[in-house]
Amino acid sequence: MDLKIRAFLLYVLIFVGHSANGFSERQAYILDSVSEFKKGGNYISAIEWLNQLLASNTIDGKDTNIEILVKIQLLGLLIDLERYDQAVEMFHEIEEGFITKADSFLKILYYQEASKLYSQIGMTELALTYNIKAIQISIESRSETDQNVLIGDLYALRATLCNKINDITLALHFSYKAISYRKATLEIPVLLDYYQTIQNDMDSTSLYLSLLDQTLEDPSCQVDIKYQLNLAAGKYWLVESDFVKAVAYLESALIFAEVMQKSELKTDVLQILLSYYKQVGDNEKMSLCLSEILNLKSKADFDLSQNRLSKILFSDTLKDKSINIGGFQSYNLWIGFLIILIVFLFLLAIIAKSRLHKNISNLEYKKLEDEKEILEKKVLDAHNDILESAKSNDPAFLAKFKEVHVEFWKALEGLDANLSIEELKLCAFIRLKFTTKEISSFTYVQVKTVQMKKYRLRKKLGLTTAEDLGTWIDQLVDGKDN
């Protein structure tokens, strides 16, 4: 739906629908609209639409609840897009006068986003604290509105946070609590991993794997949840050694990370794929993954944003503590001095940590670059060795070819064409771009003989006269082995 149309509909809801349920209707429309944007991965469009609402007359200045709701939604989208500097500004903008102005539902949403923000910058304990606040308010205000889905989501987030700090018992507890409020979504990865790797309970594993696939098929499933579920499924099938399914799910997760423009999530998936390609010895794919990881790392500014965000949040915590101490000016002077001293020391620590992160990052980058160079050299050496082996008519040629062109060989053997060893060898020659004359030269047969072999191969493969044999062989694995 066009952004202007959405803004107009909200205008109608605000200025025409002044019923007792007016706020809940307007609130529902904003939440539903943002949800629709997120389903399609249109995070930027959602931000533009919400900013239009803030800038226009659509929002009544007297209705602070609507304004706070829009800002909370903006905060969530900025966190999703890893725009931490802007997220921090919005975080504090909402916080000013927030406790006195916001209703219970908005407090829940605010604490939920705060928990998500702290979780993404690695402050899991603070994330858990805000999550607990959100859950408490949700349960206390259930009599006002039906918030089962929201409570379930909050418990699912808590389960994920507990799993992050390896507290499996609590992770399971909160996963089950989440399911008791609404259908399973974000907690599925926690339960799937537990029953597969810890309990080895195949019945329960199959149940949650089925729930995972059902959730992915649900058109209302949002992009961020699709990412988490595809990632979990990819890990599951890697453990089960079904690498075709694993790679398919992981590549889907990579697509959703790209849609959300989240480099950190893309890096996580690429690291898993890199480990898999190392395991199967696919040097070409390893090189591609390493190149992409290096590219993402070179652009990443996550550590700098994290340090800046930590500094701001820590400074505000100190500020809040100083405000709560009142009535004694002499004490306040001493406390003010101590606060300044602590902030100064903390800033020194931040600078030192930033430099340390930079040094570590440079070392990691160099290590990855070195590893990439070694891999590329290995790939080149292996390719040259195959070429020399082919030219010398080495009996070990096919064995060497199979080791390097793994996926292509699997696809070739999987054809229902009953190819002979000589025909498989001919396919390998064509794959390596040897001409008919070159094949004739190093196999010690006439050119006409090679042409006849190609003709017979075409018949076995069922190619028409319009289809080129070389192009067909190149496209056998959709160019993925190139």
(1) among the small types (G, A, S); (2) closer than 26 Å to K285 by Cβ; (3) at pLDDT 85 or above: which one isn't true of G414, the others all being true?
(3)
Every listed condition ((1) within 20 Å of D80 (Cα to Cα); (2) touching a Phe, Trp or Tyr at 6+ places or on another chain (Cβ under 9 Å); (3) surrounded by 15 or more Cβ atoms within 10 Å (Cβ to Cβ)) holds for E264 save (3)
Can you confirm whether segment 224-240 contains a residue that is modelled with pLDDT under 90 and not in a helix (DSSP H, G or I)?
yes
Filtered residues of segment 241-251 (kept if part of a helix (DSSP H, G or I) and over 16 Å from L216 (Cα atoms))
F243, V244, V247
Within segment 147-196, considering residues that are over 23 Å from D103 (Cβ atoms) and of a type in the set (V, I, T), the one surrounded by the fewest Cβ atoms within 10 Å (Cβ to Cβ):
T169
Under the condition of being acidic (D, E) and farther than 17 Å from K245 by Cβ, which residue from segment 204-226 is surrounded by the fewest Cβ atoms within 10 Å (Cβ to Cβ)?
D218
Looking at A390, A411, A399, which is the one that is among the small types (G, A, S), crowded, with 18+ Cβ neighbours inside 10 Å and in a helix (DSSP H, G or I)?
A390
Mind checking which residues of segment 440-470 are of a type in the set (S, T, Y) and outside any helix (DSSP H, G or I)?
Y444, T464, T465
Within the bounds of segment 468-480, is there any residue that is among the aromatic types (F, W, Y) and farther than 23 Å from V280 by Cβ?
yes
Name the pairs whose Cβ atoms lie under 6 Å apart, with the first residue in segment 154-171 and at negative phi, the second of a type in the set (F, W, Y), and 6 or more positions between them or separate chains?
Y155/F174; R158/F174; A159/F174
Quick check on segment 196-204. Is at least one of its residues out of contact with any helix residue (DSSP H, G or I) (no Cβ under 9 Å at 6 or more places or on another chain), modelled with pLDDT of 80 or more and either assigned to a helix (DSSP H, G or I) or closer than 27 Å to G234 by Cβ (or both)?
yes
So, D201, is that one without any contact (Cβ under 8 Å) to a residue 40 or more places away in the chain, surrounded by fewer than 19 Cβ atoms within 10 Å (Cβ to Cβ) and within 23 Å of S33 (Cβ to Cβ) or not?
no
Conditions: (1) hydroxyl-bearing (S, T, Y); (2) under 18 Å from I79 (Cα atoms); (3) in contact with a helix residue (DSSP H, G or I) (Cβ under 6 Å, 6 or more places away or on another chain). S175 meets all but one. Number of the miss?
(2)
Consider I430 carefully, then state whether it is of a type in the set (A, V, I, L, M) and either surrounded by fewer than 16 Cβ atoms within 10 Å (Cβ to Cβ) or farther than 30 Å from S287 by Cα (or both).
no
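The values are calculated or read from the model by the stated rules, or taken from the named source; none is laboratory data. Keep in mind that this is a model prediction, so the values were computed, not measured. All Cβ positions, even for glycine, are placed from backbone atoms using ideal geometry, and neighbour counts span all protein chains on display.
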